[in-house]
Amino acid sequence: MTSNTFTKHNMLVDPSLQKEIIKRAVNANCGDNPNQATHSLGTLKTPDGREVAAHLRHAADAIILDDCGHVVLITRKHNPGVGLKALPGGFMDSVQGIAGAIVAEKAATAALREAVEETGISKSVLQAAHVIPVGHRSYDRPFDIRVAWGDIPGTGIKKGDFFAVSTQGFCVKTTQDLSRVGLKAGDDAKAVLVAKISSLTPEEFGVADHWAMIHAAAAAAHASHQACSSVRRLVARQCICALMLQRREEP
């Protein structure tokens with residue numbers, strides 16, 4: 001791409017263009033479960049007078065946590081945030097749905113698939129984990145509007161097009177100590193690591209909302225655990241009451 005002042009390292013940095021693309025992304029009303037992996041956002045005129053196509057591409061992130069305060073992170077191989085920490089995650093694929101229609105892959109499925117591809121974590125660890133969505137899909141992400149460095153098959157995105165990235169995080173809570181789980185970086189990850197959540201700072205992350213997503217996931221996991229504990233206590237009390245009533249009725 002020709003050098004200009006509105007893109008840098010294949011990222012869109014012009015505030016007015018960012019604002020317009022995000023407005024279109026939000027107004028697309030794709031919700032938490034987009035029916036397609038990519039949506040067209042029309043075209044925009046750039047400061048150098050060109051008409052450039054814009055798109056919205058949907059992603060999902062995996063926040064893999066344990067009971068020891070650990071989270072699994074990667075070091076990014078590409079922008080945004082090349083060389084910095086990030087959550088494992090990636091784009092939702094287009095898949096064949098009912099009656100052969102092409103639809104978007106389920107976001108949770110995409111998050112777990114990308115976790116395996118980027119961290120090498122065992123599928124059996126993920127299958128045994130408790131997976132819950134963290135909040136809602138985020139579209140207001142002006143820091144992650146990319147310039148396609150080549151045609152992207154199956155998306156309609158061509159070299160030089162702009163595409164915004166929406167994402168949703170999924171808390172993946174395992175009972176295993178992640179520091180003892182075998183991991184190996186792959187796909188878009190330059191490296192993989194297990195970090196203490198309490199030691200992390202926002203400045204370490206290459207994607208602006210990942211630090212907040214981790215803390216939101218930790219809070220969601222805690223709330224889910226508390227709710228499950230309350231249910232177990234209630235069931236236990238009901239069983240005890242039933243047993244006592246049964247004993248009273250015995251001759």
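I'd like the residue in region 57-71 that is part of a strand (DSSP E or B) and among the charged types (D, E, K, R) and, out of all such residues, is nearest to Arg146 (Cα to Cα).
Ranking the qualifying residues of region 57-71, first place goes to Arg57.
Find the residue count for region 161-175, including only residues that are surrounded by fewer than 18 Cβ atoms within 10 Å (Cβ to Cβ) and not hydroxyl-bearing (Ser, Thr, Tyr).
Total meeting the criteria: 0.
For region 46-58: of the residues being in contact with a strand residue (DSSP E or B) (Cβ under 6 Å, 6 or more places away or on another chain) and not polar (S, T, N, Q), which is farthest from Val13 (Cα to Cα)?
So, considering only residues that are in contact with a strand residue (DSSP E or B) (Cβ under 6 Å, 6 or more places away or on another chain) and not polar (S, T, N, Q), the one farthest from Val13 (Cα to Cα) is His58.
Between a residue in region 155-174 that is touching a residue at least 12 places away in the same chain (Cβ under 8 Å) and any residue that is assigned to a strand (DSSP E or B) and among the aromatic types (Phe, Trp, Tyr), which pairs come within a Cβ distance under 9 Å, given they are 6 or more apart or on different chains?
If the second residue must be assigned to a strand (DSSP E or B) and among the aromatic types (Phe, Trp, Tyr), the pairs left are Thr155/Phe91; Thr155/Phe163; Ile157/Phe163; Val165/Phe91.
Any residue in region 20-31 that's in contact (Cβ under 8 Å) with a residue 60 or more places away in the chain and more than 10 Å from Pro142 (Cα to Cα): show its pairings with residues that are of a type outside the set (Gly, Ala, Ser) and surrounded by fewer than 18 Cβ atoms within 10 Å (Cβ to Cβ) at Cβ separation under 7 Å, as long as the two are six or more apart or on different chains.
Here the result reads Val26/Asp140, each pair linking region 20-31 to a residue that is of a type outside the set (Gly, Ala, Ser) and surrounded by fewer than 18 Cβ atoms within 10 Å (Cβ to Cβ).
Please verify whether region 2-12 includes one or more residues that are charged (D, E, K, R), more than 18 Å from the chain's Cα centre (by Cα) and over 29 Å from Glu117 (Cα atoms).
Taking every residue of region 2-12 in turn, none turns out to be charged (D, E, K, R), more than 18 Å from the chain's Cα centre (by Cα) and over 29 Å from Glu117 (Cα atoms).
In region 121-151, how many are without any contact (Cβ under 8 Å) to a residue 12 or more places away in the chain and not in a loop (DSSP other than H, G, I, E, B)?
Of the residues in that region, 3 qualify.
Taking Ala111 as meeting all but one of (1) assigned to a helix (DSSP H, G or I); (2) small (Gly, Ala, Ser); (3) surrounded by fewer than 17 Cβ atoms within 10 Å (Cβ to Cβ), write down the number of the exception.
(3)
No lab work stands behind these numbers, since they all come straight from the coordinates. Because the structure is predicted, anything quoted here is derived from the model rather than measured. Cβ sites come from the backbone with ideal geometry, for glycine too, and all protein chains shown count toward neighbours.
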